[in-house]
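> Have a look at this one.
The values are calculated or read from the model by the stated rules, or taken from the named source; none is laboratory data. In this text the structure is predicted, and so the values were computed from the model without any measurement. Here Cβ is always computed from backbone atoms with ideal geometry, including for glycine, and neighbour counts include all displayed protein chains. Side chains included, ligands, DNA and RNA excluded: accessible areas come from the protein's heavy atoms. Shrake-Rupley method; radii C 1.70, N 1.55, O 1.52, S 1.80 Å.
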Amino acid sequence: MQFHLNGYRTGDPAVAEPAAELGGGDALPETVDVLIVGCGPAGLALAAQLSAFPEIRTAIVEQKSGPLLRGQADGIACRTMEMFEAYGFAEKVLKEACWVNETSFWKPDETRPGSIVRSGRIQDTEDGLSEFPHVILNQARVHDFFLEVMRNAPTRLVPHYDRRLVDLTIDTEAPAGAAAVDVRLERADAGHEGEIETLKARYVVGCDGARSAVRGSLGRELHGDSANAAWGVMDVLAVTDFPDIRMKALIQSEQEGSIVLIPREGGYLVRLYVELDKLNAGERVRNRNITVEDLIAAVQRIFSPYSFSAKEVAWWSVYEIGQRLTDKFDDVPEDATETRLPRVFIAGDACHTHSPKAGQGMNVSMQDAFNLGWKLAAVIRGLAEPALLHSYSAERQAVAKELIDFDREWAEILSGTKKGSEIRKPDPKVTQDYFVRHGRYTAGTATRLPASVLSAADGFQHLARGLPIGMRFHSAPVIRVADAKPMQLGHVAAADGRWRLYAFAGPDGAAPGSRLAALCAFLAGDPASPVRRHTPAGADIDAVIDLRAVFQQGHRDLAVDAMPQLLKPVKGRYGLVDYEKMFSPDLKAGQDIFDLRSIDREGCMVLVRPDQYVASILPLDAHGALADYFAGFMIARSKALAPAE
Ligand SMILES: Cc1cc2nc3c(=O)[nH]c(=O)nc-3n(C[C@H](O)[C@H](O)[C@H](O)COP(=O)(O)OP(=O)(O)OC[C@H]3O[C@@H](n4cnc5c(N)ncnc54)[C@H](O)[C@@H]3O)c2cc1C
C-alpha cells in the first residue's frame, strides 16, 4: 500500500482524503453519471469501484431500509478473493472466514440400510491454483467490506436506502454523454412513504436481483428452466456426532435426499442445504408450507446414524431453483449495436439465476460488476470510447451462459433427475469425479473471456504460456527490488481502473541497449507511446498504464540507480520517486516466476486489464502493436477528460 505521495497524512491510510465536492445528506442528486440499483454483491462491488473516482457522480439506491444482516450466499471462490485483494480487504476476509480445505463425500451405506457412510475425502482446491483459498463468509459481511471501501473512498459514497426503482425511460436519440435515462423512485422512509422522486442518469446499472425492475423496464426476460427443484437452507448452531461437521460435505442418502454441508465462519455455525422433493410443473415451493422444523427433521433423517440437535437457527429459507439467463445484459437490441450505445446495464442475479449448490451466485455477480466498473469509469472519465461498453454484455453473457450449463449439470448430478414418473438417483462416484474435474471452474479461475477488441489475438501466447490471454492474471511470488519485500506480483493491481503492463525482462535486464530499456524509452518519450497518448495532462505517468518490470536476476544483482527513469517514475506534488515498479523472482524460496508461469527467457510484455484479465502478450519490442491495442478503444489525451453533459 502506498500513501503520503502528496504530503504526510496522519491516521488510517485506507481512509482517502475526501473529494472537494461531496453530496450531502440523504437527498438524492438530480443528475448522476451512474445510478446503481440494488445493494447486493453486484451493486456494492460496482459502487465500491466507482467510489474511487471523485470526478464520477455515482448514486446507489436500495429498496430495503438498511444493509443485509444475515443469510443468502456464503461461498467465496479463490478468484473472488483475488478480486477482494484489489479492493483491499482480502486479508480481513481471510481472517474472518472459514477456509474450505477439504471436501468429504458421503453415500448410502450398503451394509446398513438407512445409514450414510463416508465415501471419499479430497483436497478442495488444487495446489497452486491461486494464492488464495476457497473460503466461506456470510454475504452480509462481504457487503460490509464493500460499504467500508465506499465510506473511506474520496467520494464517501453511501447508499440511499428505502428507495425502490419504479421504472426508467431512455432517450435513445440523446447525444452520447447526455444524462438520457429518466428514473422514477419511490421512497419508503418514515415521513416520505410513497413519495416519488425523479432523477436523470447518464448510465443506470440494474443490480436489483432476480426480479429486476431495471430488466423489466428494458423489456428483457430471464429465459430457461422453470424452477423445478426445491431446497431448504439454514444457518444453524447444532450439536451432532457427525464427524465431518467442520468439513464441506456432500451427503447423499438412500431414500431421504441430499445435503450440502458448509462449515461457516467462527468455528461453530454450519450451513445446511437440504434437498426437498422435486416440484411439479408450475408448483411454487412456498405453497408447500415448509417450516424450519421440517428442515431439521429432514437433516436428522439424512444424517442417520448420526444425531443432530439444532440449538439455534440464525437464518433459514426455502426456495426453488431454476437456471435462467437473459439474452443481453444492456439496453441495446442485438441488431442495433452498430448504431446505438448502451446506457442501461443489468448485472448479477438480474441477468442470470442458478442454484446455490455450486456456490457461484455471489461470485459471478461481483465479477459482472468488476467487468463493468472499470469500463464505465474509463468512458465517463473520457479515457475510452463509449463503444467499449458493448463489450460488457458480450463478455459477461458468455460467461453466464457457461455457468448456467455447468449449474444445470451439477444440480442433476447432486439431486438426480426426474423424467415423468422415472427418477434417476444420484451416483456418489459420479458426484465426486465431477467435483474434482470442475474444481477450477468452481474456483472461478477457468473463466476465459471471448475474443473481442479487448482480447488481442493469441499469436504471442507462447511467450507466456502460463498466463493465457482472456483468463485472469495468475499471480506468482516475487521480490520487490528496492526494498527486498517478498510479495505476490498480482497484488500490485488495485481496483483503480488502471492497466498493468508487466514487462518481463530478457537476460540483459534493463541495461543500455536492452529491449526493456528501449521499451521504457518508447513508453516515456515517443509520441506514439500509449502512455503518452492516453494519460491525461497533469496526471501521474502511471495513472492509466502502470508499467512494472520483472527481472530474471536476484534483487541484489540489480542496480536500482541504473534503472530507466520510467521504472522509477517521479510523481505527485513533490515529485517523489515511486520505487515499487521493479521485481525479481523469489529465488531464495525456489519460486522463479519465469518458470512458474512459463515465461520465455527472452522476455515479453503481459498486458493486464483493470479487472485482472490478461489482455495481450507481446514481444518486448512490439511497440507498435501495444500502441495499436490501446488505440482500438481508448481516446487520445487531447480529447480526454471532457466534462459530462
Ligand atoms: C433470499 C435469498 C436467499 C439466497 N440464498 C442463497 C444461498 O443460500 N446460497 C447462495 O449461493 N446464493 C443464495 N442466494 C443468491 C445470492 O444471494 C445471489 O446470487 C447474489 O446475492 C446475487 O447478487 P446480486 O447483487 O445480483 O443480487 P441480490 O443479492 O439479489 O441483490 C439485489 C438487491 O437489489 C434490491 N432491489 C431489488 N429490486 C429493487 C428495486 N426495484 N429498487 C431498489 N432496490 C431493489 C434488493 O433488495 C437487493 O438488496 C440467495 C438469494 C436470495 C434473494
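Residues checked against (1) of a type in the set (S, T, N, Q); (2) part of a strand (DSSP E or B); (3) more than 29 Å from Q367 (Cβ to Cβ):
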position: V478; (1), (2), (3): no, yes, no
position: D483; (1), (2), (3): no, no, yes
position: P486; (1), (2), (3): no, yes, no
position: L501; (1), (2), (3): no, yes, no
position: P507; (1), (2), (3): no, no, yes
position: A521; (1), (2), (3): no, no, yes
position: D542; (1), (2), (3): no, no, no
position: D546; (1), (2), (3): no, yes, no
position: R556; (1), (2), (3): no, no, yes
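> Could you list, in sequence order, the residues of region 356-406 that are within 15 Å of the ligand (Cβ to nearest atom), assigned to a loop (DSSP other than H, G, I, E, B) and either surrounded by fewer than 24 Cβ atoms within 10 Å (Cβ to Cβ) or among the small types (G, A, S) (or both)?
Selection gives P356, K357, A358, G359.
> I've got another one for you. Please state which of the following conditions D74 fails to meet, knowing it meets all the rest: (1) of a type in the set (D, E); (2) under 20 Å from the mean Cα position of the chain (by Cα); (3) farther than 30 Å from P305 by Cα.
(3)
> Could you say whether any residue in region 142-151 is within 10 Å of the ligand (Cβ to nearest atom), among the acidic types (D, E) and open to solvent by 50 Å² or more (accessible area, probe 1.4 Å)?
No - not one qualifying residue is present in region 142-151.
> Looking at D595, D557, which one is open to solvent by 60 Å² or more (accessible area, probe 1.4 Å), over 23 Å from A625 (Cβ atoms) and under 28 Å from the mean Cα position of the chain (by Cα)?
It is D595.
> Just give me the residues in region 116-134 being over 16 Å from V260 (Cβ atoms) and at pLDDT 95 or above, in sequence order.
Within region 116-134, V117, S130, E131, F132, P133 meet the criteria.
> With respect to the numbered conditions (1) within 16 Å of the ligand (Cβ to nearest atom); (2) surrounded by fewer than 19 Cβ atoms within 10 Å (Cβ to Cβ); (3) at pLDDT 95 or above, which one is the sole condition not fulfilled by L137?
(2)
> Quick check on region 571-592. Is at least one of its residues under 25 Å from the mean Cα position of the chain (by Cα) and surrounded by 15 or more Cβ atoms within 10 Å (Cβ to Cβ)?
There is no residue in region 571-592 that is under 25 Å from the mean Cα position of the chain (by Cα) and surrounded by 15 or more Cβ atoms within 10 Å (Cβ to Cβ).
> Would you pick out the residues in region 481-508 that are closer than 15 Å to F594 by Cα and either touching a Gly at 6+ places or on another chain (Cβ under 6 Å) or of a type in the set (K, R) (or both)?
If the condition is that a residue be closer than 15 Å to F594 by Cα and either touching a Gly at 6+ places or on another chain (Cβ under 6 Å) or of a type in the set (K, R) (or both), then F504, A505, G506 are the ones that fit.
> State all residues of region 33-49 that are open to solvent by less than 10 Å² (accessible area, probe 1.4 Å) and within 14 Å of the chain's Cα centre (by Cα); if no residue qualifies, say none.
Result: A42, G43, L44, A45, L46, A47, A48, Q49.
> Right, here's the next one. Could you tell me whether P67 is in contact (Cβ under 8 Å) with a residue 60 or more places away in the chain, closer than 24 Å to D235 by Cα and either in a loop (DSSP other than H, G, I, E, B) or open to solvent by 90 Å² or more (accessible area, probe 1.4 Å) (or both)?
yes
> In region 70-119, how many are charged (D, E, K, R) and open to solvent by less than 40 Å² (accessible area, probe 1.4 Å)?
The number of residues fulfilling the criteria is 4.
> Tally time: how many residues in region 160-173 are within 16 Å of the ligand (Cβ to nearest atom) and either open to solvent by 20 Å² or more (accessible area, probe 1.4 Å) or over 30 Å from D496 (Cα atoms) (or both)?
So the answer is 6.
> Taking only region 174-193 into account, find how many residues are open to solvent by less than 40 Å² (accessible area, probe 1.4 Å), within 16 Å of the ligand (Cβ to nearest atom) and more than 13 Å from A27 (Cα to Cα).
Adding up the residues that qualify gives 2.
> Additional query: Could you tell me which residue of region 215-254 is nearest to D427 (Cα to Cα), considering only residues that are hydroxyl-bearing (S, T, Y) and open to solvent by less than 40 Å² (accessible area, probe 1.4 Å)?
Among those residues, the one meeting the criterion is S253.
> Collect the residues in region 320-353 that are free of Cβ contacts under 8 Å to residues at least 40 places away in the same chain and within 16 Å of the ligand (Cβ to nearest atom), keeping them in residue-number order.
Result: no residue meets the conditions.
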